[in-house]
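Chemist: I have a structure I would like to understand better, so I am pasting it below and will then ask my questions one at a time.
The values are calculated or read from the model by the stated rules, or taken from the named source; none is laboratory data. Worth saying up front: this structure is predicted, and the values here are computed from it rather than measured. Because the Cβ atoms are built from the backbone with ideal geometry, glycine has one as well, and the counts that use them run over all protein chains shown.
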Amino acid sequence: MGNLQGESLPDGVVSLPVIDLSLGRAEVGRAILNAGKEIGFFQVINHGISDEAIRDMEAMCEEYFAMPEEDRLCFHSDDNGKPNRFFSGSTYETGGACKYWFDCLRLTSTFPIGDSKEDWPEKPKRLREVFGRFAELTRGMGMELLRLLCEAMGLPLDYFEGGLGNGNMAMTLNRYPACPDPGTMIGLPPHCDRNLLSLLLPSTVPGLQFSYNGKWANVETLPNAYIVNFGLPLEVVTNGVLRSIEHQVVTNRTHARRSVGLFITPAPDCLIGPAKEFLSKEKPARYRAVTYDEFYRMHSVVKHGLSSVLTINADGSHHA
Ligand SMILES: O=C(O)CCC(=O)C(=O)O
Ligand SMILES: [Fe+2]
């Protein structure tokens with residue numbers, strides 16, 4: 001089996017833009033827009049989510065993965081249609097190439113969360129409370145980033161408040177155990193996110209990489225920073241102005257890694273297509289419009305170059 005991790009750039013060759021949310025709105029908005037055009041990833045600091053909420057969340061993640069296995073397994077399911085489940089990356093269909101090296105608790109919720117929490121695990125005792133608070137705060141910050149982006153792009157401030165941003169939100173709690181053979185085992189395969197906006201709380205253990213000029217660049221983050229990246233629907237809506245960039249997680253021999261993802265997601269019946277604000281004679285539609293439901297199914301297979309699936313040819317057909 002070859003090396004699945006591809007060629008990486010030396011550390012420090014490219015680093016994620018750091019966006020300080022305590023600066024002026026116009027400056028922050030421009031920085032988000034530039035990051036979206038250039039790298040597709042950035043990190044935010046001074047985001048207003050307290051150290052305490054972050055520490056609580058991290059401690060709860062540790063507690064969850066430290067529970068006796070049977071307490072997690074009662075939530076186990078390989079059915080990816082289930083909104084709330086615990087599963088292992090080793091159950092992903094990979095065409096026999098390898099198995100992915102992670103465990104994940106995936107939870108979904110309406111917003112506001114309300115009764116959705118009742119379907120989340122009961123153990124550890126404070127899980128619903130801590131995860132619920134974290135999800136609400138993080139989603140709130142994500143919606144604010146989208147409003148700042150609207151200001152910078154000259155869109156109405158509530159552009160993403162409707163169908164594009166009010167589908168059920170998803171939260172994932174990922175654990176990548178230390179791996180005996182990092183050269184051949186990948187944590188999470190290369191993919192672009194299928195939701196609108198992803199907010200990630202990484203651990204201090206590195207592993208996340210994003211695609212940059214055909215190579216993999218390591219993500220390094222500041223303490224308490226969130227990593228933010230744009231999902232494919234945002235690339236489509238902006239007709240390619242914002243870029244949804246491929247990323248992956250690599251494993252390492254000595255340290256387990258943890259991450260928490262919060263995903264702002266369109267509603268299933270929302271039409272995902274280039275918005276008129278991004279279209280002109282010089283800039284014709286590069287993607288065709290489909291409902292988010294269909295969009296999600298089109299992207300259910302993880303493979304390289306996902307965005308090409310939606311690219312329109314000159315004759316109006318689209319690549320398979
Ligand atoms: O674990 C990470 O750092 C990245 C997770 C990720 O890319 C995802 O859940 O879509
Ligand atoms: Fe991702």
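Chemist: Across the stretch 178-198, what is the total count of residues that are away from ligand 2 (no atom under 11 Å from the Cβ) and at pLDDT 90 or above?
Modeler: Counting residues in the stretch 178-198 that are away from ligand 2 (no atom under 11 Å from the Cβ) and at pLDDT 90 or above gives 3.
Quick grid of which residues meet (1) hydrophobic (A, V, I, L, M, F, W, C); (2) without any contact (Cβ under 8 Å) to a residue 40 or more places away in the chain:
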{"residue": "G154", "(1), (2)": "no, no"}
{"residue": "T172", "(1), (2)": "no, no"}
{"residue": "G183", "(1), (2)": "no, no"}
{"residue": "I227", "(1), (2)": "yes, no"}
{"residue": "G231", "(1), (2)": "no, yes"}
{"residue": "E246", "(1), (2)": "no, no"}
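Chemist: Name every residue in the stretch 108-156 that is buried (at least 17 other Cβ atoms within 10 Å of the Cβ), under 18 Å from L197 (Cα atoms) and touching a Ser or Thr at 6+ places or on another chain (Cβ under 6 Å), in order of residue number.
Modeler: Within the stretch 108-156, just S109 meets the criteria.
Chemist: Going through N224, N213 one at a time, which residue ends up being more than 10 Å from ligand 1 (Cβ to nearest atom), in contact with a strand residue (DSSP E or B) (Cβ under 9 Å, 6 or more places away or on another chain) and at pLDDT below 95?
Modeler: Values: N213 fails: in contact with a strand residue (DSSP E or B) (Cβ under 9 Å, 6 or more places away or on another chain).
Sole residue among the options that is more than 10 Å from ligand 1 (Cβ to nearest atom), in contact with a strand residue (DSSP E or B) (Cβ under 9 Å, 6 or more places away or on another chain) and at pLDDT below 95: N224.
Chemist: Among the residues of the stretch 111-123, is any at pLDDT below 95 and of a type in the set (S, T, Y)?
Modeler: no
Chemist: Got at least one residue in the stretch 249-266 being surrounded by 14 or more Cβ atoms within 10 Å (Cβ to Cβ), at pLDDT below 95 and in contact with a Lys or Arg (Cβ under 6 Å, 6 or more places away or on another chain)?
Modeler: no
Chemist: Check every one of the helices (runs of 4 or more DSSP H) wholly within the stretch 1-90 and list those with 1 or more residues that are in contact with a Phe, Trp or Tyr (Cβ under 8 Å, 6 or more places away or on another chain) and surrounded by fewer than 17 Cβ atoms within 10 Å (Cβ to Cβ). Let's see the steps before the verdict.
Modeler: Working: elements: 25-38, 51-66, 69-73.
By residue number, 51-66, 69-73.
Chemist: Continuing with this model, one more query. Among G89, G132, G142, which is the only one that is within 22 Å of N224 (Cα to Cα) and within 16 Å of ligand 2 (Cβ to nearest atom)?
Modeler: Working: G89 fails: within 22 Å of N224 (Cα to Cα); G132 fails: within 16 Å of ligand 2 (Cβ to nearest atom).
Of the residues listed, the single one that is within 22 Å of N224 (Cα to Cα) and within 16 Å of ligand 2 (Cβ to nearest atom) is G142.
Chemist: Tell me, yes or no, whether the stretch 247-259 has at least one residue that is more than 11 Å from ligand 2 (Cβ to nearest atom) and closer than 15 Å to Y296 by Cα. I'd like the intermediate steps shown before the answer.
Modeler: Taking the stretch 247-259 as the starting set, the residues that turn out to be more than 11 Å from ligand 2 (Cβ to nearest atom) are 250-258.
Add one more test, that the residue is closer than 15 Å to Y296 by Cα, and what stays is none.
No, the stretch 247-259 contains no residue that is more than 11 Å from ligand 2 (Cβ to nearest atom) and closer than 15 Å to Y296 by Cα.
Chemist: Search the stretch 178-218 for residues being assigned to a loop (DSSP other than H, G, I, E, B) and of a type in the set (S, T, N, Q), and hand back the single one that is surrounded by the most Cβ atoms within 10 Å (Cβ to Cβ).
Modeler: First, the residues of the stretch 178-218 that are assigned to a loop (DSSP other than H, G, I, E, B): 178-185, 192-196, 203-207, 213-214.
Filter once more, so that each one left must be of a type in the set (S, T, N, Q): 184, 195, 203-204, 213.
Numbers: T184: 16, N195: 23, S203: 20, T204: 9, N213: 8.
The extreme case among them is N195.
Chemist: Being within 16 Å of ligand 1 (Cβ to nearest atom), among the hydroxyl-bearing types (S, T, Y) and closer than 24 Å to I113 by Cβ is the filter here; which residues of the stretch 155-201 pass it?
Modeler: Listed by number, the residues that qualify are T172, S198.
Chemist: Any chance the stretch 227-243 includes a residue that's over 29 Å from G163 (Cβ atoms), out of contact with any Ser or Thr (no Cβ under 9 Å at 6 or more places or on another chain), more than 12 Å from ligand 1 (Cβ to nearest atom) and not in a strand (DSSP E or B)? Even if it seems obvious, please write down each step before you answer.
Modeler: So in the stretch 227-243, the residues over 29 Å from G163 (Cβ atoms) come out as none.
No, the stretch 227-243 contains no residue that is over 29 Å from G163 (Cβ atoms), out of contact with any Ser or Thr (no Cβ under 9 Å at 6 or more places or on another chain), more than 12 Å from ligand 1 (Cβ to nearest atom) and not in a strand (DSSP E or B).
Chemist: OK, next. Given the criteria at pLDDT below 90 and surrounded by 19 or more Cβ atoms within 10 Å (Cβ to Cβ), does L306 qualify? Outline the logic, then answer.
Modeler: Numbers: at pLDDT below 90: yes; surrounded by 19 or more Cβ atoms within 10 Å (Cβ to Cβ): yes.
Answer is yes for this residue.
Chemist: So for the stretch 151-170 (the condition being within 16 Å of ligand 2 (Cβ to nearest atom), closer than 25 Å to V250 by Cα and in a strand (DSSP E or B)), does at least one residue qualify?
Modeler: Taking the stretch 151-170 as the starting set, the residues that turn out to be within 16 Å of ligand 2 (Cβ to nearest atom) are 169-170.
Still in the list and also closer than 25 Å to V250 by Cα: 170.
When the remaining residues are screened for being in a strand (DSSP E or B), the result is 170.
Looking for residues that are within 16 Å of ligand 2 (Cβ to nearest atom), closer than 25 Å to V250 by Cα and in a strand (DSSP E or B), one finds at least one in the stretch 151-170, hence yes.
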